[in-house]
1. With the checklist (1) at pLDDT below 95; (2) within 10 Å of the chain's Cα centre (by Cα) in hand, flag the one item residue 44 doesn't pass.
2. For residues in the range 47-61 being assigned to a strand (DSSP E or B) and touching a strand residue (DSSP E or B) at 6+ places or on another chain (Cβ under 6 Å), which is surrounded by the most Cβ atoms within 10 Å (Cβ to Cβ)?
């Protein structure tokens, strides 16, 4: 699978693929977050040599 981190911690990818009910080309990722990550944290997804741009953040409550 793809390496994914949230707040610098590894996140388990449960699913990465087509998003059911959306047009072709829309992708969905289901992630299992480790416990204890409240707040707004940077999300980094790496696919091959490509990495998400800096500034992509996710708020966890």
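The values are calculated or read from the model by the stated rules, or taken from the named source; none is laboratory data. Keep in mind that this is a model prediction, so the values were computed, not measured. All Cβ positions, glycine included, derive from the backbone under ideal geometry; neighbour counts span all protein chains shown.
1. (1) is the only condition that residue 44 fails.
2. Of everything passing the filter in the range 47-61, 58 is surrounded by the most Cβ atoms within 10 Å (Cβ to Cβ).
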